[in-house]
1. Working carefully through the options 82, 111, find the one that is in contact with a helix residue (DSSP H, G or I) (Cβ under 6 Å, 6 or more places away or on another chain), under 14 Å from residue 34 (Cβ atoms), touching a residue at least 12 places away in the same chain (Cβ under 8 Å) and part of a helix (DSSP H, G or I).
2. May I ask you to verify whether residue 71 is within 15 Å of residue 24 (Cβ to Cβ) and either crowded, with 18+ Cβ neighbours inside 10 Å or at pLDDT 90 or above (or both)?
3. Scan the stretch 24-46 for residues that are surrounded by 12 or more Cβ atoms within 10 Å (Cβ to Cβ), in contact (Cβ under 8 Å) with a residue 24 or more places away in the chain and either within 16 Å of the chain's Cα centre (by Cα) or outside any helix (DSSP H, G or I) (or both) and report the count.
């Protein structure tokens, strides 16, 4: 894939890429450093409000580690999409990076909420 000539010279794009990279690393560190693989009872990975007393569903550490992979996937995918769209329309590329920023923030919030429940 060819990178557009002015893509890395755009200050707003560089700012959004930097913030996305920081949030990706933050999500990776927050999730992976708080996981305990040898935990016998597992982790709470889902909350279903319509189930009443059995609203919490448990799962393994691998399920929560998928949040880290999701953050990495979001960063790479939105960066590649932004690079492809940039020559066509700059504002679309910035919007794509902004949506990636929103997804990363929500991923950090949800993974933290699930890890606090333990």
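The values are calculated or read from the model by the stated rules, or taken from the named source; none is laboratory data. If you're wondering where the values come from, they're calculated on a predicted model, not measured in any experiment. Ideal geometry is used to build each Cβ from the backbone, glycine not excepted, and the neighbour counts take in all protein chains shown.
1. None of the others qualify; the one that does is 111.
2. It is true that residue 71 is within 15 Å of residue 24 (Cβ to Cβ) and either crowded, with 18+ Cβ neighbours inside 10 Å or at pLDDT 90 or above (or both).
3. 11
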